[in-house]
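Down below is the structure, laid out as structure tokens.
The values are calculated or read from the model by the stated rules, or taken from the named source; none is laboratory data. Fair warning: this is a prediction, and the values are worked out from it, not measured in the lab. Positions of Cβ are generated from backbone atoms using ideal geometry, with glycine treated the same way; all protein chains shown enter the neighbour counts. Each accessible area value is taken on the protein alone, full model and side chains, heavy atoms only, with ligands, DNA and RNA left out. Shrake-Rupley method; radii C 1.70, N 1.55, O 1.52, S 1.80 Å.
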Amino acid sequence: MIPLDYETLRVLWWLLLGILLIGFTLFDGYDLGVGALLPFVARKDDERRVLINLVGPTWEGNQVWLVLGGGAIFAAWPALYAVSFSGFYLAMIAILLALILRPVGFKFRGKVANPAWRSVWDWALFIGGFVPALIFGVAVGNVLRGVPFSFDETLRPSYAGSFFGLLTPFPLVCGFVSLAMCAIHGAVVIALRTTGITVERARAYGKLAALATLVLFALAGLWVAFGSLGFVVTSLQETAGPSNPLDKTVVPQSGAWMHNYAAHPWMILAPVLGFAGTALAWLGLNGRAWFTALVGSSLTIVGVISTAGLSLFPFLLPSSSDPRASLTVWDASSSHLTLWTMLLATALFLPIILAYTAWVYRVMSGPVTAGSIGRNPNAY
């Protein structure tokens, strides 16, 4: 006997998916931000080594959140996995290739004491931070816009888009929101854990990234509210019924992503948190209150990602070419038993991952300087 009903489990897994996405951005987001800022904040070899060794000991552990997110989509939302991972195939290949540059850059950069050699790998590390941070946001923008896919009578998905079709204006705005948000987070961590001129440069770039986030997040919000974005389920949908995406009717409707905020006013806390966190990060950087800035950048991530999720609910992936095929929380999940079994596994392993992560960050805490790197034989 499963103690939780099917509807409740579906909502819980929707929440867990959001938590995993937030966890990935909180932990790996600063790695991406540091990589994207590397050529600008660190201009000498010893300064760049400091930033590389700032993220070097923990970046692999932070990648666990990406694996968890992909695993959660595969196990809990198989239809979403099938459509998104095949439809966004080239975009995901670009992300993976960029992420592969990080370990290669870390390992190869110091193998040859040649400025040109090291410069090549420094730019590789920049690509490894810049590209994923941008494309992850572009993907969210395309979800809000709708993705061209459909199902046949046997529920086999087909995708009608292309890689460059993903790079339209609204998704690019969302991509730059993501990039700026990660840049704030990375700049704050640099300022918190390094010394000297890199702190001042990180502070300056972090403040610029905060201003860019405020402007771009507001622009994206206005686009969602007044642009031709949004979908509405127009038929009665069984929240505890079988997962059949074609068992409903959906129509595009401009401004529909704002309906949840009108129906549930408390949801407005998400975008407010996004703006307030960004402002707090700017104030913390401006006043050299690094912990305050870290709290602000973390709240920005929580607020921005929550805003996207709450705006879409109950949609997971709308279809722009066949709206009826749009995937929702109520028709794209695994079975009742699968969701319950996976919830038990998550309840067991997620606290272990959190405890281990906390321990690692405690061990690796403290400032990273050229002197500390010189005393460490395992430094990059």
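If you go through segment 314-334 and keep only what is part of a loop (DSSP other than H, G, I, E, B) and open to solvent by less than 20 Å² (accessible area, probe 1.4 Å), you end up with PRO318, SER326, VAL329, ASP331, ALA332, SER333, SER334. If you check PHE291, PHE275 for being open to solvent by 60 Å² or more (accessible area, probe 1.4 Å), farther than 28 Å from THR168 by Cβ and within 23 Å of the chain's Cα centre (by Cα), only one passes: PHE291.
Kindly check whether there is at least one residue in segment 24-33 that is out of contact with any helix residue (DSSP H, G or I) (no Cβ under 7 Å at 6 or more places or on another chain) and either closer than 23 Å to LEU167 by Cα or part of a helix (DSSP H, G or I) (or both). Scanning segment 24-33, I find no residue that is out of contact with any helix residue (DSSP H, G or I) (no Cβ under 7 Å at 6 or more places or on another chain) and either closer than 23 Å to LEU167 by Cα or part of a helix (DSSP H, G or I) (or both), so the answer is no. Looking at segment 192-232 only, could you name the residues that are open to solvent by 40 Å² or more (accessible area, probe 1.4 Å) and not in a helix (DSSP H, G or I)? Once the filter is applied, which keeps residues that are open to solvent by 40 Å² or more (accessible area, probe 1.4 Å) and not in a helix (DSSP H, G or I), segment 192-232 yields THR195, GLY196, SER228. Looking at LEU343, LEU337, LEU348, just one residue is open to solvent by less than 50 Å² (accessible area, probe 1.4 Å), assigned to a helix (DSSP H, G or I) and modelled with pLDDT of 90 or more, and that residue is LEU343.
Scanning segment 49-87 for residues that are among the charged types (D, E, K, R) and within 23 Å of THR25 (Cα to Cα) yields a count of 1.
If I filter segment 8-23 for residues that are at pLDDT 90 or above, of a type in the set (Lys, Arg), under 24 Å from ALA180 (Cβ atoms) and assigned to a helix (DSSP H, G or I), do I get at least one hit?
no
None of VAL83, VAL55, VAL67 is farther than 21 Å from PHE315 by Cβ, open to solvent by less than 20 Å² (accessible area, probe 1.4 Å) and of a type in the set (Val, Ile, Thr) except VAL55. Figure legend. Inter-residue proximity from segment 90-105: first residues closer than 22 Å to SER162 by Cβ, second residues assigned to a helix (DSSP H, G or I) and open to solvent by less than 10 Å² (accessible area, probe 1.4 Å), beta-carbon distance below 7 Å, spacing 6+ or different chains. Indicated pairs: ILE95/PRO132; ALA98/GLY128; ALA98/PRO132. Among the residues of segment 149-161, are any in a helix (DSSP H, G or I) and open to solvent by 50 Å² or more (accessible area, probe 1.4 Å)? No; the residues of segment 149-161 include none that is in a helix (DSSP H, G or I) and open to solvent by 50 Å² or more (accessible area, probe 1.4 Å). The single residue among ALA345, ALA355, ALA293 that is over 30 Å from GLY277 (Cβ atoms) and not polar (S, T, N, Q) turns out to be ALA345. Scanning segment 233-280 for residues that are assigned to a helix (DSSP H, G or I) and polar (S, T, N, Q), we see that the one that is modelled with the highest pLDDT is THR278.
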